[in-house]
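Below is one structure; the comments refer to it alone.
The values are calculated or read from the model by the stated rules, or taken from the named source; none is laboratory data. Predicted, not measured: the structure shown is a model, and the values here were computed from it. Positions of Cβ are backbone-derived with ideal geometry, glycine not excepted, and every protein chain shown enters the neighbour counts.
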Amino acid sequence: MRVKKQQIFFMFAINLDVPQAYMKKFILLLTLSVGFAFGSFAQSSKIGDFNLGVYGALPLYNMNALLNVGIGGSLKYEYHFRKNLYFTAEAGYESFGVKTKLQNAYVPATVGYVPLKVGVKYYLISGFYAEGQLGQSVFCQHGGGGAFDYSGGIGYSFKPGFEIGIRYEGWHQEPENHIKDDYGITGPFKDPADFGQFALRLAQRF
């Protein structure tokens, strides 16, 4: 059976089953870490801040051929480790519209993801900062699964508490055995899947 290359993203996103044991442990560990960070750091407003933000995302490369512009929101906690250096923990949700030509009985009109990330934020000069994060993006479609999430960006924090930032975010996913077994896919689909997006985030600290 021949399957168009563009469909591999949705096969990963919607039908991912293996390795579920590893995936569940990783997601549980990351979720507990984020929850522990939020719960512990919230005890003292002097060592960090929460910020709540919304963002728009522009799919890039392979992802641009599959999805339209996405929107999302996230809650982030920034723990003040030392001068100008912060540790961050972030959880959110984002949704992308699927290209009309790709929608069918097996591919929904929209796809959603829950990014769970931890990272480091460093203030360079004045309110300018650079930030890097690692984590897991969990697919919300039936079948679950997810991808390794990494991002890097820059931004500016205004004194009243408003913040604006831009970032590049990439997802990396190893091919799953059942994809080949269920769909008879060989050749290029044995390779890992990589997708990227460019995002603009607006947030308010509190």
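Within segment 76-109, the set of residues being surrounded by fewer than 16 Cβ atoms within 10 Å (Cβ to Cβ) and of a type in the set (S, T, N, Q) comprises 84, 95, 100, 103, 104. Residues that are modelled with pLDDT of 90 or more, touching a Gly at 6+ places or on another chain (Cβ under 8 Å) and within 19 Å of residue 204 (Cβ to Cβ) do not occur anywhere in segment 132-148. Residues in segment 120-158 that are among the hydroxyl-bearing types (Ser, Thr, Tyr), within 18 Å of the chain's Cα centre (by Cα) and farther than 15 Å from residue 92 by Cβ: 150 alone.
For segment 110-121, taking the residues that are out of contact with any Leu (no Cβ under 8 Å at 6 or more places or on another chain) and not aliphatic (A, V, I, L, M), the one that is surrounded by the fewest Cβ atoms within 10 Å (Cβ to Cβ) is identified as 110.
Of the residues making up segment 170-189, one or more are surrounded by 17 or more Cβ atoms within 10 Å (Cβ to Cβ), at pLDDT 90 or above and either under 21 Å from residue 96 (Cβ atoms) or not small (Gly, Ala, Ser) (or both). Restricting segment 80-111 to residues that are polar (S, T, N, Q) and part of a strand (DSSP E or B) leaves a set whose member that is farthest from residue 203 (Cα to Cα) is 110. Note on segment 127-144: residues that are out of contact with any Ser or Thr (no Cβ under 9 Å at 6 or more places or on another chain) and farther than 22 Å from residue 172 by Cβ amount to 1.
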